[in-house]
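The structure appears right after this line, and notes come after that.
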Amino acid sequence: MRLAPAPPSAAWPARRARARGRSRRARLALFATEGAFMLDALGFFRLNEDEWRRLAADLRALIDGKL
């Protein structure tokens, strides 16, 4: 399935996903991080410092194949 080209405003995340996303796990971690920031910015949920650290550790473990 081919997706429509990303609009110019989405160019940076798309380049970032390709650069870091040589593996599916890295791409998933990138999008999970972006989603967490977006949900926090929109006020749907707030993470405290400890929760952000645990999320970052989980995403690193995902990228390293340990999760």
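Readers should treat all values here as calculations from the given coordinates under stated rules, not as data from a laboratory. All values derive from a computational prediction rather than experimental measurement. Reconstructed Cβ throughout: ideal geometry from the backbone, glycine too, with neighbour counts over all protein chains shown.
Could you check the simple spin-label distance between PHE45 and ALA57, using points 7 Å along Cα→Cβ, in nm with one decimal?
Placing both labels 7 Å along Cα→Cβ, they lie 1.8 nm apart.
Please compute the volume of the convex hull spanned by the alpha-carbon atoms of region 23-67 and report it per residue in Å³.
Cα convex hull per residue, to the nearest whole number: 56 Å³.
For the ranges 54-60, 27-33, what's the packing order if you count other beta-carbon atoms within 10 Å of each residue, average per peptide, and put the highest first?
27-33, 54-60
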